[in-house]
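First the structure, in the form of structure tokens, and then the observations on it.
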Amino acid sequence: MTARLRWGGLLAAALLATCLAAQPGTLTAKSLAQRVDSHYNHLRSLRAGFSESYAGFGMRRVESGTLLLEKPGRMKWEYAQPAGKIFLLDGRWGWFYSRGDSQVQRVRAKELDDLRSPLRFLLGHTELEKELVNLTLSAAPGGAYTLTGQPKGMQERVKRLTLTVTADGVITGIEMDETDGAATRFTFTGETPNVTLPAGTFRFSPPAGVPVVDGLPPV
């Protein structure tokens, strides 16, 4: 065998190995979950567009806006539709208000339902494998994947939680199906990591004359 043929064979083998390593089938639920954890654990801040849909108890609702995150523990869902609606987490309190409401709802951050507002996944404060029971991986349209499991300790309420993620571990969707038939869907677009956000972005001041009430608002 000539040197040219020998090196050609070695090159072909190397290219084949590279192609095989890149095949989607080499991903596992564990390895992709670790990519998601790594991606969000290493972010300092984030901006993304979002759309949110809810269906349950005879209601259907579709909303959209801009999501801002900044560690540690700050988050702002600023709605364009409906305009004037806001959910803000300042690290200590969660604030809920819609323009024209007669009161502002406030709840301590540690008492928030993380699945309702997908805090723990987007703020990178968890390990998916420890939080989701029976985690499974499936292919999704557009070269994405889904990670599906049941939130630990919430079996009576949540039937299934599904994250749509890219191969790099970026979450593009969150779907929560509850045991009572209600379903909440979030879709995220245009994620921009490590953005510089103005001072005061995560400070909420109740409108003049509007009282603050402790407790979560209706779904």
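The values are calculated or read from the model by the stated rules, or taken from the named source; none is laboratory data. Please read all numbers here as calculations on a predicted model, not as lab measurements. Quick reminder, even Gly has a Cβ in these numbers, built from the backbone with ideal geometry, and neighbours come from all protein chains shown.
What the table shows:
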read-out: Matching option when the condition is without any contact (Cβ under 8 Å) to a residue 24 or more places away in the chain and either over 29 Å from residue 26 (Cβ atoms) or part of a loop (DSSP other than H, G, I, E, B) (or both), among 181, 200, 149; value: 200
read-out: Complete set of residues in segment 45-59 that are of a type outside the set (Phe, Trp, Tyr) and in contact with a strand residue (DSSP E or B) (Cβ under 7 Å, 6 or more places away or on another chain); value: 45, 46, 47, 48, 49, 51, 52, 53, 55, 56
read-out: Boolean, residue 197 is within 18 Å of the chain's Cα centre (by Cα), among the aliphatic types (A, V, I, L, M) and surrounded by 15 or more Cβ atoms within 10 Å (Cβ to Cβ); value: no
read-out: One residue from 126, 146 being modelled with pLDDT of 95 or more and farther than 18 Å from residue 77 by Cα; value: 146
read-out: Residue check for residue 167: out of contact with any strand residue (DSSP E or B) (no Cβ under 9 Å at 6 or more places or on another chain), farther than 19 Å from residue 54 by Cα and surrounded by fewer than 17 Cβ atoms within 10 Å (Cβ to Cβ); value: no
